[in-house]
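Accompanying notes for the structure given below.
Each reported figure results from applying straightforward, stated rules to the coordinates on display, with no laboratory input. Because the structure is a prediction, the values reported are computed rather than measured. Here the Cβ positions follow ideal geometry from the backbone for every residue, glycine too, while neighbour counts run over all protein chains shown.
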Amino acid sequence: QTVHYLETGELLPENTVPEKIEIAKLHLQRLANLKGEVVATKEFRKLAGYYLKGVPRASKTKVAINEAENLQTVEALLDQFVVEHLEREERQKQRLAEI
């Protein structure tokens, strides 16, 4: 996005929540490959907030990630967050369609 902006002056739309979470999971996997699972899990606790910043109802997920002990738990929490987010979006679309 930054390169595109610098080259064209055009701002791209913000990533969707599922896209943000996929990037977060990729970041987590790369951290684990570089530093090992234990260190990656602990370091990612500091980073999760950046990926979830501004996303409604993310606070419980942030807290749970801060308590997570392993990579699989963090990934499962992120996956569950996306599922819940998409379900909320769908319910909201249905409510708007009824109006």
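Among the residues of segment 29-45, the ones that are within 22 Å of His85 (Cβ to Cβ) and surrounded by fewer than 13 Cβ atoms within 10 Å (Cβ to Cβ) come to 0 in all. Identify, please: which residue in segment 52-86 is among the β-branched types (Val, Ile, Thr) and under 13 Å from the mean Cα position of the chain (by Cα) and is, among those, farthest from Lys25 (Cα to Cα)? Taking the candidates together, the pick is Val55. Under the condition of being farther than 16 Å from Ile21 by Cβ and out of contact with any helix residue (DSSP H, G or I) (no Cβ under 8 Å at 6 or more places or on another chain), the residues counted in segment 42-99 number 14. Scanning segment 59-84 for residues that are in contact with a Ser or Thr (Cβ under 9 Å, 6 or more places away or on another chain) and farther than 23 Å from Lys35 by Cα, which turns out surrounded by the most Cβ atoms within 10 Å (Cβ to Cβ)? By that ranking, first place goes to Phe81.
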